[in-house]
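Worksheet: one structure, shown below.
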Amino acid sequence: MKSFLAITLLAIFAATASAFGIATPLQTAPRVNAVQRNGASSMVMRGRVCDLLGKTPNRQARVITFSHKRVKKVQHVNLHWKKYFSDNLKRDVKLRLSTKGMKTVNKYGSIDKAAKKFKLDLKQF
């Protein structure tokens with residue numbers, strides 16, 4: 001009786017192993033990483049950072065109410081999309097600059113000189 005039970009359990013185990021693919025490796029299709037995307041699927045979320053100066057939001061700010069409660073808040077950078085003509089690249093570059101970054105570009109006279117000063121590669125914009 002014990003041998004019959006053992007043979008039956010062995011047969012059930014062999015049947016389930018072959019049915020659910022335990023003994024055979026899983027067949028997967030090769031992945032293709034070079035997928036061209038366009039439109040909304042190619043958009044990348046960017047942080048609120050000045051492209052020229054690297055200014056980031058101040059997350060340490062607090063609001064103090066009349067009753068002297070302290071509430072945390074974020075002071076964002078005053079960012080604007082701005083187009084400048086690059087003489088070196090012979091084309092427009094569109095940057096996301098803070099107002100201080102715009103004043104810096106005006107101070108240096110051109111976007112090329114300001115980018116050289118702050119070691120910024122304009123080819124990526």
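Look at segment 114-125 and say how many of its residues are surrounded by 15 or more Cβ atoms within 10 Å (Cβ to Cβ) and not in a loop (DSSP other than H, G, I, E, B).
Within segment 114-125, residues that are surrounded by 15 or more Cβ atoms within 10 Å (Cβ to Cβ) and not in a loop (DSSP other than H, G, I, E, B) number 3.
Are any residues in segment 85-119 closer than 15 Å to C50 by Cα and touching an Asp or Glu at 6+ places or on another chain (Cβ under 7 Å), and if so, which ones?
Hits for segment 85-119 are L95, R96, L97.
Restricting to segment 65-85, what's the tally of residues that are open to solvent by 40 Å² or more (accessible area, probe 1.4 Å) and outside any strand (DSSP E or B)?
So the count comes out to 9.
For the subset of segment 44-64 comprising residues that are free of Cβ contacts under 8 Å to residues at least 12 places away in the same chain and of a type in the set (V, I, T), which member is least open to solvent (accessible area, probe 1.4 Å)?
Going through the qualifying residues, I end up with V63.
Output the residues belonging to segment 86-113 that are outside any loop (DSSP other than H, G, I, E, B) and open to solvent by 80 Å² or more (accessible area, probe 1.4 Å). Break it down into steps so the answer makes sense when it comes.
Initial filter on segment 86-113 (outside any loop (DSSP other than H, G, I, E, B)): 86, 91-108, 111-113.
Across segment 86-113, the qualifying residues are R91, D92, K94, K100, K103, N106, K107, K113.
Checking A6 against (1) modelled with pLDDT of 75 or more; (2) assigned to a helix (DSSP H, G or I); (3) loosely packed, with under 10 Cβ neighbours inside 10 Å: exactly one of these is not met. Which one?
Condition not satisfied by A6: (3).
Go through segment 26-71 and give me each residue that's at pLDDT 65 or above and hydroxyl-bearing (S, T, Y). Please lay out each step first, then the result.
We begin by selecting, within segment 26-71, every residue at pLDDT 65 or above; these are 42-71.
The answer is S42, T56, T65, S67.
The values are calculated or read from the model by the stated rules, or taken from the named source; none is laboratory data. As the structure is a prediction and not an experimental result, all values here were calculated from the model. So basically every Cβ, Gly included, is an ideal-geometry build from the backbone, and we count neighbours across all protein chains shown. For accessibility, only protein heavy atoms count, side chains too; no ligands or nucleic acids. Shrake-Rupley method; radii C 1.70, N 1.55, O 1.52, S 1.80 Å.
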